[in-house]
Amino acid sequence: MNVCNLYRGLYFTTLRQFNWKYPYPKELQPSPPEKEVINPENLAQIDNPLSENDKFNNEYINRNPRNLEQMLLEIKPNGFPLDAPDRVFWNKLHFEKSLKHTSAKVVHHSGHTIVSASTQEWAIRKHLKSTIDKSAIYNIACILAQRCLESGIYFVSKEFSPQELQTNKVQLFLNTLEECGLKTEELSAIRPKDERYL
């Protein structure tokens, strides 16, 4: 009995000491990034600074993950010619309408949902008489467009079948997005992907 307790104690002790985030020795673990230090030479020179807030750095590091997409410099994933659905996009628009709710979302090519809006949200649902009529679709489109523009997304890729594009509700959804300032067609990248990686 004492031997079992001893082995059990050793087992749980090793589990506690094991680093699950970096499952390799401490010598090989990556060091944390260095803290940025403002170079005094890069500070803007102000004649009469009123406070410490008037001193700012001339160098700016943009950490916006969508910055290259906005500048059309991000490489689009090519995928394969027979992929269905198509994989050549940065952000794709998804529109779903069920028997009870209406929802829309913007999905990044990595698979993560960036922005979404749905009638399941109480803040939206409490202002609607119905969650599946044209008024709900119009409001969901307006809210999604506003959230996209606030998140730095100005154009998305859409993929609807020809039959879906002929329906009134999908046309209302896309037209409302365009009216609110969100482009439903993505621009092509300035730098095309190298053919070696096809």
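Some points to look at:
- Accessible area of segment 88-197 divided out per residue, in Å², using a probe of 1.4 angstrom: 60
- Which listed pairs, of Lys76/Lys134; Lys100/Lys158; Lys134/Lys158, have C-alpha distances above 29 Å, in listed order: Lys76/Lys134
- Among the listed pairs Lys129/Lys183; Lys105/Lys126; Lys92/Lys183, those whose Cα-Cα separation exceeds 23 Å are Lys129/Lys183.
- Reciprocal of mean inverse Cα separation for segment 51-180 (Kirkwood radius, Å): 16.7
- Förster radius 45 Å - calculated FRET efficiency between Asn48 and His94, Cβ distance, rounded to 0.05: 0.25
The values are calculated or read from the model by the stated rules, or taken from the named source; none is laboratory data. Model, not experiment: these values are computed from the prediction. All Cβ positions, glycine included, derive from the backbone under ideal geometry; neighbour counts span all protein chains shown. Accessible surface areas use protein heavy atoms only, side chains included; no ligands, DNA or RNA. Shrake-Rupley method; radii C 1.70, N 1.55, O 1.52, S 1.80 Å.
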